[in-house]
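What follows is a short report on a single structure.
The values are calculated or read from the model by the stated rules, or taken from the named source; none is laboratory data. Because the structure is a prediction, the values reported are computed rather than measured. Heads up, the Cβs are rebuilt from the backbone with ideal geometry, glycines too, and the neighbour counts pull from every protein chain shown.
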Amino acid sequence: MPTNSVAQVHGKTMIARRIPSILPDLTFEEALEITKIHSIAGTLKQDIPIITTRPFCAPHHTISGVSLVGGGAVPKPGEISLAHYGVLFLDELPEFNQHTLEVLRGPLEDGIVTISRVNGSFTYPCKFMFVSSMNPCPCGYYGSTDKECTCTPQAISKYIGKISGPLLDRIDIQIEVNSVKYQKLESEENSETSEEIKKRVNKARNIQLERYKQENIYSNSSLTPKLISKYCKLDEDSKKMLQIAFEKMGLSARAYGRILKVARTIADLENSISIKKTHIAEAIQYRSLDKKYWKN
């Protein structure tokens, strides 16, 4: 499944905390890896011999770089490794130290973190879903139709400028969430449950496990550039759409690959063997938020 996402405006924290409830079931191998990491870190509870649920880590914005990625005199796994095969949620992203955020770039790309010390180097896995949330400005109402923003253009620019372009480029899905209206809260309309959503997600994951059983990977998010060429083939219309988006939006090569992986996942959720034009269009749409708020 896609690995990284960011939500903006209201209701974002509530949404993020419910993501683990719709993630695919852990394989036995994944559960073993998670358990080993937590055992090394000293966070494994004595009454739990093996961790069978996906981790959810939500460190406070005052966390140091060492606590986030791991380290110390006797190097221990940090939050990104404790979130291995689960979710790392950073609420109010601009409130985090900018240097702390930048150290995420390598682990997000490589899925591992290496800590070097005089007595040797230690490498820990950290294949996590990176989820973050933020407001569009310090007061939280920039672009809102409900309340007027009180921030100056300089304050808005400084606020969102704390998130660098290279970090944004590693975020696959960017979604703007509007505030919930009272009528919606009072509505008795039945919503889709997490259990129902998870069934679809598990079905898509099983499709991916079967597809990649000879490749030693579990999901679309692990596709390398070579494997993207093999498993994310497009028809001419889809290629043309992606080319136009690439040129108009000024996308990077990294963004190009990530759009294809997201489109492949959307197709899997619809049980579609091939990636269609509509799947590419939806994946491209998820890359538009940074162009709205980060214009340069």
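A few comments on the model shown:
- Set side by side, the residues Leu269, Leu260, Leu242 differ, and just one is under 22 Å from the mean Cα position of the chain (by Cα), touching a residue at least 40 places away in the same chain (Cβ under 8 Å), within 25 Å of Tyr218 (Cα to Cα) and not assigned by TED's automatic domain parsing to the domain that holds Ile175, which is Leu269.
- Picking from residues in region 1-33 that are modelled with pLDDT under 90 and polar (S, T, N, Q), the one that is farthest from Ser179 (Cα to Cα) is Thr27.
- Meets criteria (modelled with pLDDT of 90 or more and surrounded by 15 or more Cβ atoms within 10 Å (Cβ to Cβ)) for Lys36: yes
- For region 212-221, a tally of residues being surrounded by 13 or more Cβ atoms within 10 Å (Cβ to Cβ) and either in a loop (DSSP other than H, G, I, E, B) or aliphatic (A, V, I, L, M) (or both) returns 5.
- One residue from Thr150, Thr114, Thr145 being out of contact with any Cys (no Cβ under 9 Å at 6 or more places or on another chain) and modelled with pLDDT of 90 or more: Thr114
- Residue in region 215-235 that is in contact (Cβ under 8 Å) with a residue 60 or more places away in the chain, within 22 Å of the chain's Cα centre (by Cα) and farther than 26 Å from Ser133 by Cα present: yes
- Residue, farthest from Leu88 (Cα to Cα), within region 10-31, restricted to residues that are surrounded by fewer than 13 Cβ atoms within 10 Å (Cβ to Cβ) and either in contact (Cβ under 8 Å) with a residue 24 or more places away in the chain or not charged (D, E, K, R) (or both): Phe28
- Region 222-252, subset assigned to a loop (DSSP other than H, G, I, E, B) and among the polar types (S, T, N, Q), residue surrounded by the most Cβ atoms within 10 Å (Cβ to Cβ): Ser252
- Ile171 vs. criteria outside the structural domain of Ala283 (by TED's automatic domain parsing) and either at pLDDT below 90 or not in a helix (DSSP H, G or I) (or both): yes
- Members of region 258-276 that are surrounded by fewer than 18 Cβ atoms within 10 Å (Cβ to Cβ) and within 23 Å of Gln214 (Cβ to Cβ): Leu269, Asn271, Ser272, Ile273, Ser274
- Helices (runs of 4 or more DSSP H) contained in region 41-149 and holding at least 2 residues surrounded by fewer than 19 Cβ atoms within 10 Å (Cβ to Cβ) and among the small types (Gly, Ala, Ser): 65-69
- A residue that is touching a Cys at 6+ places or on another chain (Cβ under 8 Å), of a type outside the set (D, E, K, R), surrounded by 12 or more Cβ atoms within 10 Å (Cβ to Cβ) and outside the structural domain of Ile15 (by TED's automatic domain parsing) cannot be found anywhere in region 192-211.
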